[in-house]
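Only one structure is covered here, and it is reproduced in the block below.
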């Protein structure tokens with residue numbers, strides 16, 4: 001006895017369209033996303049951060065109205081017999097300068 005495939009055709013077409021769209025978007029994103037890099041100087045700066053949150057304006061950058069922020073969180077998490085160490089660091093710089101038009 002032959003199986004009726006006609007009722008399954010719309011579902012198969014929708015799934016195929018979704019799969020094709022997902023594949024195409026993944027390919028586009030792969031081509032446009034920068035692979036990134038690891039800068040050892042930045043890694044060392046993050047390792048040297050003290051725990052907590054800081055916000056300051058350097059005196060030598062007053063004309064730029066630059067504000068620097070740092071944050072570091074270090075915790076040990078115990079979950080279901082496993083021990084995880086969380087070390088999150090953040091360096092940020094915000095600089096606001098007026099430019100002539």
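Extension gain, residue 65 to residue 3: 0.36 nm times the residue separation minus the Cα-Cα distance gives 15.0 nm.
Here is how the number arises for the chain: DSSP H runs of 4 or more residues each give -39500 (n - 2.57), the sum is divided by the residue count, and the result at 222 nm is -10500 deg cm²/dmol. Were the residues from residue 42 through residue 57 laid out at 0.36 nm apart, the gain over their Cα-Cα distance would be 3.4 nm. If R0 equals 22 Å, the separation of the Cβ atoms of residue 73 and residue 96 corresponds to a calculated FRET efficiency of about 0.20. Oblate is the label for the chain, because a/c, from the alpha-carbon gyration tensor with a ≥ b ≥ c as root eigenvalues, is 1.5 or above and a/b does not exceed b/c.
We did not get these values from a lab; they are worked out from the coordinates using the rules stated. Note that the structure is a prediction, hence the values are computed from the model and not measured. Ideal geometry is used to build each Cβ from the backbone, glycine not excepted, and the neighbour counts take in all protein chains shown.
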